[in-house]
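Report on the following structure.
Every number in this text was worked out from the coordinates using simple rules, so none of it is lab data. Everything numeric in this text was worked out from a predicted model, so none of it was measured. Here the Cβ positions follow ideal geometry from the backbone for every residue, glycine too, while neighbour counts run over all protein chains shown.
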Amino acid sequence: MTSHAIGGRKLSRKQGPRLALYKNLIVSVLRYERIQTTEAKAKEIRPQVEQIITLAKKGGLSARRAVIAALPNEPLVVDKLFDEIVPKYADRSSGYCRITKIGIRQGDSSPLVQIELV
């Protein structure tokens, strides 16, 4: 058996902690609109952030419920997404995030980046 068409990084975590890390990073990007993290984590969450913003751009109750299902226990972030972030990107079809390299972390020499909403 081969592992074709199975993507994503494991980030030295099991599935549960890895998915929790992704959700927390996504919420942080949407809440603060700019965070610093490692390059691997930023590259992993960028498609997920863009997918949530695209879903929220559809508007309507079903889109709001889908976003709430993706980001449970974060009502303020969901409100900010629909009230502030989505109107900013009304004319843009994709490409809501930018990843900028900012250097090397001193402790373990991992590449640090800044992921921000454009």
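Worth pointing out:
- Residue that is more than 15 Å from the chain's Cα centre (by Cα) and either free of Cβ contacts under 8 Å to residues at least 40 places away in the same chain or part of a loop (DSSP other than H, G, I, E, B) (or both), where the choices are GLY107, GLY95: GLY107
- Matching residues in the stretch 24-41 - criterion: being small (Gly, Ala, Ser) and under 15 Å from PRO72 (Cα atoms): SER28
- Among the residues of the stretch 24-42, those that are touching a residue at least 12 places away in the same chain (Cβ under 8 Å) and either under 9 Å from the mean Cα position of the chain (by Cα) or over 20 Å from TYR89 (Cα atoms) (or both) comprise LEU25, ILE26, VAL27, VAL29, LEU30, GLN36, THR37, THR38, GLU39, ALA40, LYS41, ALA42.
- Selected residue (only one of ARG31, ARG18 is part of a helix (DSSP H, G or I) and under 16 Å from LYS80 (Cβ atoms)): ARG31
- Applying the criterion of being more than 20 Å from LEU11 (Cβ to Cβ) and among the polar types (S, T, N, Q) to the residues of the stretch 40-66, the residue that is surrounded by the most Cβ atoms within 10 Å (Cβ to Cβ) is THR54.
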